[in-house]
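Here's the structure we're looking at; comments come further down.
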Amino acid sequence: MSRMKVSRVKLPVVFLLLSVLVAGSPAAQTGAKVSLAFVRAERLRRGINASEWFAQVYDKRGYTPEHFQAWTTAEDIALIKSMGFDHVRLSVNPQPMFNEREPNKIPTEYLSYLDAAVKMILDHGLAVVIDLHPETDFKERLAKDDEFVERVADFWRALAAHYATWDAERVFLEILNEPEFSDRYRWLGVQMKLAAAIRKGAPAHTIIAAGARWSNDDELVFQEPLHDANVIYNFHFYLPSIFTHQGATWNKYYWHWLRGVRYPSTEESAERAAALVPDEVDRLQVIRYGREHWDAARVESEMKQAAEWARRRGVRLACSEFGVYREYADPEDRAAWLHDVRTSLEHNGIGWAMWDYSGSFGVVTKKDGKAVADEGVLRALGMK
């Protein structure tokens, strides 16, 4: 499998372009020294998540060559490019290739399938974020087992070294998707350890970091920057989950009762949706959603907090996930929420990646193997 070479663009040329690329950036506004991460973040302005390809594969056959070759194809990547996206966030579950005894020895055959996917994305002129996206049990071990942290650091060092010769301008390495750490201080230490391992393996690549507890925006503002200038910080945005996850059968149990939750929220529509929820405590959460008046202004107030955090610290920010579970959400409401979140992110100079391409939050549906785009979602995203 041929590898992409590290970009040979000289740093003086890169920084000569900086005034054009990041004139409106938080660092530029504060007069802070601008890092390489600010330049490369321009490649992560509008992205899409490629889910259920190398992570979250729930087929009983598991992670097979047939799945890798058929789930997302060159035609899908070409469609993503034609829609106007500039990068793909590629979720990668480390568990199928994680050897507990020798985590630094990654199976060559498995890597060849991952390489083929990364190369296919790059060949279509897109950047790619290799997002370490394990299941909950893996993350729970990280949260409590120091020796396991060492093993994962060894794994990341080896994986980063494998991609060290690939195009550093377009290949990004994300430390961990949605950390599940109740102890924020422990995550600060674990993230620092894993980031150092990645940097050892791939000295030139940009790292993507996050806050604890599922990468929520309120966890981001607790985070302090790593001792590494070549880092982009990311958060996920699904607020309010009562709307974005209505009907979902994971996380909050009462979500599966929710139907007809509207956006923007009103007291009347929320009370109608709340009537379907049997438990009084859960019902109250839905009623409160209506009284909180979630709309574009409310979304903007959340984004502003994240943007201010980044501005004060002179770092670059991205929102790597946002979306609405589409099975029960009203299509027009879903599009309105996506529009409000997307425009707020852009207004605050934050690059984004919608969740997801063809899954249950998708921008396309697949019928008989062909991808059909949701035009309302594309309009909401400002895409073709």
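The values are calculated or read from the model by the stated rules, or taken from the named source; none is laboratory data. Since this is a predicted model, take the numbers as computed values, not measurements. Note: ideal-geometry Cβ built from the backbone for every residue, glycine included; neighbour counts use all protein chains shown. What goes into the accessible areas is simple: the full protein's heavy atoms, side chains included, and nothing from ligands, DNA or RNA. Shrake-Rupley method; radii C 1.70, N 1.55, O 1.52, S 1.80 Å.
In this structure, the amide hydrogen of VAL129, modeled 1.01 Å from its nitrogen in the peptide plane, lies closer than 5 angstrom to those of VAL88, ARG89, LEU90, PHE172, counting only residues at least 5 positions away or on a different chain. Among residues other than ILE287 with Cβ under 9 Å from its Cβ, the summed charge is +1 (Lys and Arg +1, Asp and Glu -1). Compared with the dominant principal axis of the Cα atoms in the chain, helix 331-347 is inclined by about 50°.
Considering only LYS367, LYS81, LYS193, the mean-square fluctuation computed in a Gaussian network model of the chain, springs between alpha carbons under 10 angstrom, is largest for LYS367.
Okay, helix-only estimate at 222 nm for the chain: each DSSP H run of n ≥ 4 adds -39500 (n - 2.57), divide by all residues, round to 500 deg cm²/dmol; what do you get?
-12500 deg cm²/dmol
For the chain, the extents of the C-alpha atoms along the principal axes are 58, 53, 44 Å, listed from largest to smallest. Segment 110-126 and segment 344-384 have their alpha-carbon centroids 21 Å apart.
Inter-label distance, LYS366 to ASP228: 3.3 nm, where each label sits 7 Å from its Cα along the C-beta direction.
About its Cα centre, the dipole of segment 250-325 is roughly 400 debye, where the only charges are +1 on Lys and Arg Cβ and -1 on Asp and Glu Cβ. A simple spin-label model places the labels of ARG141 and ASP279 3.1 nm from each other, with each point 7 Å out along Cα-to-Cβ.
Each Lys and Arg adds +1 at its Cβ and each Asp and Glu adds -1 at its Cβ; summed about the Cα centre, segment 124-237 shows a dipole of about 320 debye.
Residues whose amide H lies under 5 Å from that of HIS236, counting only those 5 or more places away or on a different chain, are ASN216, ASP217; hydrogens are built 1.01 Å from N in the peptide plane.
Counting pairs of alpha carbon atoms under 8 Å apart in space and at least six apart in sequence, what relative contact order in percent does the chain give?
Relative contact order, the chain: 18 percent.
Comparing mean-square fluctuations of LEU276, LEU132, LEU173 from a GNM of the chain with C-alpha springs under 10 Å, the top value falls on LEU276. With all protein chains in place and a 1.4 Å probe, the accessible surface of segment 289-333 carries 42 percent carbon and sulfur. Across segment 71-87, computed HN-Hα scalar couplings (Karplus, 6.51 cos²θ - 1.76 cosθ + 1.60, θ = phi - 60°) run 5, 10, 10, 4, 5, 5, 5, 4, 5, 4, 4, 5, 6, x, 6, 10, 7 Hz from first to last residue, x flagging Gly and Pro.
Taking the chain as a Gaussian network of alpha-carbon nodes connected by springs under 10 Å, the highest mean-square fluctuation of the residues LEU226, LEU126, LEU284 belongs to LEU284.
The phi torsions of segment 311-327, fed into the Karplus equation with coefficients 6.51, -1.76 and 1.60 and a -60° offset, translate into couplings of 4, 5, 9, x, 10, 9, 10, 9, 10, 7, 8, 7, x, 10, 4, 8, 5 Hz, rounded to whole numbers, with Gly and Pro shown as x.
Database remark: amide H of TYR357 closer than 5 angstrom to the amide H of ASN49, SER51, VAL363 (H placed geometrically; neighbours at sequence offset of 5 or more, or on other chains; Pro and chain starts carry no H). With R₀ set to 51 Å, the beta-carbon distance separating HIS256 from ALA116 gives a calculated FRET efficiency near 0.85.
Relative contact order of segment 175-317, please, whole-number percent, based on alpha carbon pairs below 8 angstrom and at least 6 residues apart.
With pairs under 8 Å counted, the relative contact order is 19 percent.
Paramagnetic label reach from LYS60 (point 7 Å along Cα→Cβ; backbone nitrogen cut-off under 13 Å): within segment 227-269, no residues.
What do you get for GluC sites (Glu not before Pro) in segment 308-369 restricted to DSSP loop and a cutoff of at most 16 other Cβ within 10 Å of the site's Cβ?
On the way: sites: GLU308, GLU321, GLU327, GLU332, GLU346; in loops: GLU327.
Of the GluC sites (Glu not before Pro), the ones in loops of segment 308-369 whose Cβ has at most 16 other Cβ atoms within 10 Å are GLU327.
Using the Karplus relation 6.51 cos²θ - 1.76 cosθ + 1.60 with θ = phi - 60°, the per-residue 3J(HN,Hα) values for segment 225-235 come to x, 6, 7, 7, 6, 8, 9, 10, 9, 10, 9 Hz, with x marking Gly and Pro.
For the chain, a crude dipole built from +1 on the beta carbon of Lys and Arg and -1 on the beta carbon of Asp and Glu, taken about the Cα centre, is about 1300 debye to the nearest 20.
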